[in-house]
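Below is one structure. I have some questions about it.
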Amino acid sequence: MDQLLQVLVAGLKNGSIYALVALGFTIVYAATGAINFAQGEFFMLGGMLCVSFTELGLPLPAAAVAAIATTAAIGAVFELLAVRPVAGDDPLRIIMVTIGGAVVLRQLALHIFGPDERALAPFTEGASLKALGVAVELQTLWVWGLTAIAVVALALLYRKTSFGRAMRATAIRTDAARLVGVNTGMMVTVAFALAAGLGALAGVAVAPLTQTAFFVGAAIGVKGFAAAILGGIGKPISAVAGGLLLGLLESFAAGYLDPAYKDGVALVVLLVVLFVAPQGLLGRARRVKA
Amino acid sequence: MRGRTFGLGAAMLAVVVVATLAIAIAGCGGDENDTGDGGSQEPIKIGAILSLTGTYAGLGEPEKNLIEMEVKKINDAGGINGRPVEVIIEDDATDEAQAVAAASRLIEQENVVAIIGATGTGQTMAIRGDVQRAGIPQVSMAGGTVITNPVDPQVFATPWSNTIVVPFTLDYLKSQGITKIGLITDSGGFGKDGQAVFATEAPKAGAEIVADETFNPGDTDMTAQLTKIKNSDAQAIVMWTAGSEAAIIAKNAQDLGIDLPVYGSHGIARREFIDGAGEAANGVKFAAGKILIPEAYGEDTEAYAVATAFIDEYTQAYGEAPNTFAGHAYDALYLVVEAAKRIEGDITPEALRDELENTAGFVGIGGTFNLSPDDHNGMTQDDLSMYEISGGDWTLAQ
């Protein structure tokens, strides 16, 4: 019994991390129709910058905010300097640019932060919560809380604000959005900044659990991408559903099958979902873009 | 107005990014320089293939530092029998294909007499074909058992191999009355290797592996595996991994309230493990060479003098204490240099390889090396100590 519950908790914890990263994919996709393969590097930058800021003497909350803001700024600059001049609004070209950008960001991080793993203190010190033979680290509660806040805030942004609607309009038909007065270029820049900030938030929240290093972006990027596809890319709630499902699948595979097959199980389920419902579990079938 | 403010902000950010780029590029400018300092005679060229970027950059960086520092020292003291040494360092980016490219460049264009490297087991194995074809000796700094077992005539390795560390750990467990082991290993090269050695060595030591769990590099939570170990009748958790996941295992075990002793591999002999695991690191035991606490050698021994000189000089040059990877590079470099010094006449790759096998009683950082045609690693269990982490530092375990 306690094993089942512990596996469940572990799955939900990893799942929330994947969900936070998947949200970043969702935002850029919603604005451009492209996958941002540098999303994992924003995750890495958030964690590394936060560690560096605390080492410079900033208290943890200030360091976290500064890390998220800096990463968001890097996301915006990345869009302005790399994505926009090279790719325009062609999704395929944006994808290529972000793959290259990921390599550049990773190597820059190596030279600036050095090659070693860094540790970050938990947001709240203290022993894990224990009930029914299950342990939950306090930092895991932070991850859950931040994921919930992020998804609600994003859903509100998209549904309730004209700014969010303008972002979605840009994705559906860039030229039409431009005709009704949306500054489509700026929408894409903001989307990249937002995605980078969210990625950094995830990176900061996870660093106390796992340590962080310049190379962590690639692996988490793949997981977040899989979660986004699994849930149905484009909507915040699907990203969260995909993330949690992926985390639970992995955790149950690790707990009840050979853990070596863990990543394999997740991939097989992803393939099956794509065969049966190519739009993802919660995604609506998309009209083919003109 | 809004748009204009935005443009200004973007321009400022652009300046920051360009400045960062410039610093980064300046920082990597020195990567591929050679470290020989001339001399009247033709230098002896040695190649080094290190992982300066990519996942193993944390290992390759101290190796490079060490080699540059020692080569300067060797040349200041007259080089090898009057000839200067030149070590040409190549980066393999923790990538097999780039390691192969580096090896063929060193062999075809630089005509090196030996190759030191690579940093990782995968890269070490990848260049084996080139090394064999060229007939030059290779001294690896990677820990995989496959590198020297079975013995390849051309290939040597300096780290402690799992085939000596695992039996040493099993003996220690036995002395603590522990015969039922809950094993957790990573599915990468190092963990897989350790798992295989445990499977063959445990029965010999009268121990039983009652839980055999694995995880993938990069995993963020091991509570599922640890709960399975908890529910077995294991008397100790033994984790065999060199990655940062070891810290997660220690933390998860503490969170789950598992009060079994935790044992690690020599792969956690790094400050990063203590930093990452924090409180949970205390009480974790692992076997590694005596270099972590050189006093274990006895203060009037040659080994103690070598070890303390190594630590002092490295700390003075680079402002931080060396880790065990710098030690593996020290041993690799000096095995080659000392063998070359013993050669009378032409230093050819063939002569160097033969002379490496004659290494006897070389006191290095990892231990005392006695190489032979049957043993290309040359260390024994006598070169190891059992450590316990206590108060955030290494101590000798009782």
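The values are calculated or read from the model by the stated rules, or taken from the named source; none is laboratory data. Model, not experiment: these values are computed from the prediction. No Cβ is skipped: glycine too gets one built from the backbone with ideal geometry, and neighbour counts run over all protein chains shown.
Is it the case that A:Ala166 is farther than 29 Å from A:Ala10 by Cα, over 21 Å from the mean Cα position of the chain (by Cα) and in a helix (DSSP H, G or I)?
Yes: the conditions hold for A:Ala166.
Name, by its number, the condition in (1) within 14 Å of chain A (Cβ to nearest Cβ); (2) closer than 25 Å to B:Met141 by Cβ; (3) at pLDDT 90 or above that does not hold for B:Ala317.
(1)
Looking at segment B:319-329, can you tell me whether even one residue there is assigned to a loop (DSSP other than H, G, I, E, B), crowded, with 20+ Cβ neighbours inside 10 Å and on the phi < 0 side of the Ramachandran plot? Even if it seems obvious, please write down each step before you answer.
To start, the set of residues in segment B:319-329 that are assigned to a loop (DSSP other than H, G, I, E, B) comprises B:319-323.
Then drop every residue that is not crowded, with 20+ Cβ neighbours inside 10 Å, which leaves B:322-323.
Filter once more, so that each one left must be on the phi < 0 side of the Ramachandran plot: B:322-323.
Yes, there is a match, as at least one residue in segment B:319-329 is assigned to a loop (DSSP other than H, G, I, E, B), crowded, with 20+ Cβ neighbours inside 10 Å and on the phi < 0 side of the Ramachandran plot.
Turning to a different aspect of this structure: Could you go through segment A:46-56 and let me know if any residue there is closer than 18 Å to A:Gly185 by Cα and either modelled with pLDDT of 90 or more or not small (Gly, Ala, Ser) (or both).
Scanning segment A:46-56 turns up no residue that is closer than 18 Å to A:Gly185 by Cα and either modelled with pLDDT of 90 or more or not small (Gly, Ala, Ser) (or both).
Same structure, new question: Please state which one of B:Ala277, B:Ala339, B:Ala287 is surrounded by 15 or more Cβ atoms within 10 Å (Cβ to Cβ), outside any loop (DSSP other than H, G, I, E, B) and within 14 Å of chain A (Cβ to nearest Cβ).
B:Ala277
Tell me whether segment B:140-152 contains one or more residues that are within 25 Å of B:Ile80 (Cα to Cα) and not basic (Lys, Arg).
yes
Run A:Ala241 past the list (1) within 14 Å of chain B (Cβ to nearest Cβ); (2) at pLDDT 90 or above; (3) surrounded by fewer than 23 Cβ atoms within 10 Å (Cβ to Cβ) and report the number of the one that doesn't hold.
It fails just one condition, (1).
If you don't mind, there's one more thing I want to ask. Tell me which residues, restricted to segment A:189-225, are crowded, with 24+ Cβ neighbours inside 10 Å and away from chain B (no Cβ under 13 Å).
A:Ala191, A:Ala195, A:Gly197, A:Leu198, A:Gly199, A:Ala200, A:Leu201, A:Val204
Let me spell it out: the conditions are (1) more than 14 Å from every other protein chain (Cβ to nearest Cβ); (2) touching a residue at least 40 places away in the same chain (Cβ under 8 Å); (3) among the charged types (D, E, K, R), and B:Lys204 meets all of them except one. Which number is the exception?
B:Lys204 satisfies all of (1) more than 14 Å from every other protein chain (Cβ to nearest Cβ); (2) touching a residue at least 40 places away in the same chain (Cβ under 8 Å); (3) among the charged types (D, E, K, R) except (2).
Suppose we keep only residues that are in a loop (DSSP other than H, G, I, E, B) and away from chain A (no Cβ under 12 Å) within segment B:42-70. Which one would you say is surrounded by the most Cβ atoms within 10 Å (Cβ to Cβ)?
For segment B:42-70, the residue satisfying everything is B:Pro43.
For the list (1) closer than 14 Å to B:Gly182 by Cα; (2) buried (at least 20 other Cβ atoms within 10 Å of the Cβ), I need the number of the one condition that B:Tyr314 fails.
B:Tyr314 satisfies every listed condition except (1).
Having 2 or more residues that are away from chain B (no Cβ under 12 Å) and closer than 17 Å to A:Phe214 by Cα is the bar; report the helices (runs of 4 or more DSSP H) wholly within segment A:33-151 that clear it.
Passing ranges, in order: A:39-55, A:60-78, A:91-113.
Which residues, taken from segment B:258-274, are within 11 Å of another protein chain (Cβ to nearest Cβ) and crowded, with 17+ Cβ neighbours inside 10 Å?
B:Ile258, B:Arg270, B:Glu272, B:Phe273, B:Ile274
Scan B:Ala246, B:Ala242 and give me the residue that is in contact with a Phe, Trp or Tyr (Cβ under 9 Å, 6 or more places away or on another chain) and part of a loop (DSSP other than H, G, I, E, B).
None of the others qualify; the one that does is B:Ala242.
Tally up the residues in segment B:214-227 that are over 24 Å from the mean Cα position of the chain (by Cα) and within 7 Å of another protein chain (Cβ to nearest Cβ), please.
5
Would you say B:Thr241 is within 13 Å of chain A (Cβ to nearest Cβ), buried (at least 24 other Cβ atoms within 10 Å of the Cβ) and in contact with a Lys or Arg (Cβ under 9 Å, 6 or more places away or on another chain)?
In short, no.
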